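Encoded as structure tokens, the structure appears first; notes follow it.
The values are calculated or read from the model by the stated rules, or taken from the named source; none is laboratory data. For clarity, every value in this text was computed on a predicted model and none was experimentally measured. Here the Cβ positions follow ideal geometry from the backbone for every residue, glycine too, while neighbour counts run over all protein chains shown. To get the accessible areas, we keep the full protein, side chains included, count just its heavy atoms, and leave off ligands, DNA and RNA. Shrake-Rupley method; radii C 1.70, N 1.55, O 1.52, S 1.80 Å.
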Amino acid sequence: MGLDVTGRYRYPAPDPSWLQRHVEDVIDPDLPIVDAHHHLWVEHESPYLLDEITADVADGHRIDATVFVQAHYGYDLNAPAHLAPAGETRKVAAIAAAARAGGVTTRIAAGIVGFVDLTLGDLVDDALDAHQAAADGAFCGVRHSVSNDPAFPDGIVIRPAPAHLLSNAAYRSGLGKVAARGLTYDAMLYQVQLPELTAMARALPELQIVLDHIGCILGIGPYAGQRDETFRVWRRDMAALAACPNVVVKLGGFGMIITGATWHERPVPPSSVELADAWRPYIETCVELFGAKRCLFESNFPVDKAMYSYRTLWNAFKRLAAGASDDEKTALFSATAATAYRLNLAKAAPVALTHREMANG
């Protein structure tokens, strides 16, 4: 599965030639979509930047807009540590502007979720100011991962966050500053931490919370081969979380290797039928518990791109939503994301960038 020298899991790099071994027709190509979660970065010496995301969103589905979520890319290493992550926001805003200037019809990074260390007290406000100044109006939320599982004391992909960060007084103070600005909090954690998120959501009812990747159900290490029991516990904890009206849940992230995904080891990529069948219990449970208006689909690209193509992914989601009403489909594919992130999806005029600005972006 790809452990590195630190003993942590590494995401496999996407293989374009392998992905081309299975190509499908697009299902319902006119359905408006907001891709609620993707990254931009350079990993494995392989970029996923303007050219790559533009190719994906133009591959048949109607992607009206996307939401970028922090990925430790492009930090300003010359800035003070608490302001360095605003460099990522600045670069992503430049990529979004370049997309508009190039006539890309999708609103790339219509929303930008950045990293802020929420434990830094008064410095949190300075960091939020820096992101908002850098984002060209697109800064909509914060993600400061709290991912920690006692079965992986050295972390899984990255080093673990301190245990019980969601109940930490300084962290909650930072969350209060996020809420006061009308920003959204993206909750990145593992399944065992869902009760901690529920307690925090109850304590901060004014905070809009988006749970990433349905709570990130692990399927490696001691969780391998424990699918039924893991599902039972996850469903129980998600039911408690669903009672918090300030929480919505992202449906996706199933291609992360830490979930136990191994599609990339096959000679041919999976079809959207296979993916829909595999994901159905989780998607249907989330919609049952939260309702369609509190669920939103995400690509989690390019992480999930190692397992399946963008076209196949959205086909799978459309298969899963085939029995939903028109209003429910609108919520799942676009409206919930637009509401949760307070997106302005009005078409912006193209922005003319100089070659220097584009190079510096």
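For the reader, a short list of remarks on this structure follows.
- For residue 182, neighbours were defined as the other residues whose beta-carbon sits under 12 Å from its Cβ, and their charges (Lys and Arg +1, Asp and Glu -1) total +2.
- Pairwise Cα inverse-distance average, inverted: Kirkwood Rh of the stretch 24-167 (Å): 16.6
- If R0 is taken as 22 Å, the Cβ-Cβ distance between residue 163 and residue 72 corresponds to a FRET efficiency of 0.55.
- Set of lysines near residue 305 by C-alpha distance (under 26 Å), chain-local residues within fewer than 8 positions excluded: 91, 250, 318, 329
- Share, in percent, of DSSP beta bridges within the chain that are antiparallel, nearest 5: 15
- Normalised alpha carbon radius of gyration of the stretch 88-159 [divisor 2.2 N^0.38 Å]: 1.39
- Accessible area, probe 1.4 Å, largest first, for residues 38, 144: 144, 38
- Every pair of different Cα atoms in the stretch 234-286 enters the Kirkwood calculation, which places the hydrodynamic radius at 13.0 Å.
- Across the stretch 269-290, the residues whose backbone nitrogen lies under 15 Å from the label position 7 Å along the beta-carbon direction of residue 15 are 269-270.
- Whole-angstrom gap from the stretch 100-114 to the stretch 142-163, using each part's C-alpha centre: 30
- Value at 222 nm in deg cm²/dmol, rounded to 500, when DSSP H runs of n ≥ 4 in the chain each add -39,500 (n - 2.57): -10000 deg cm²/dmol
- Rg/Rh for the chain stands at 0.93; both radii use Cα atoms, and Rh follows the Kirkwood definition.
- Annotation: peptides 183-195, 94-106, ranked by per-residue average of other Cβ atoms within 10 Å with the highest first, follow the order 183-195, 94-106.
- Heavy-atom accessible area ranking, 1.4 Å probe, most first, across 146, 273: 273, 146
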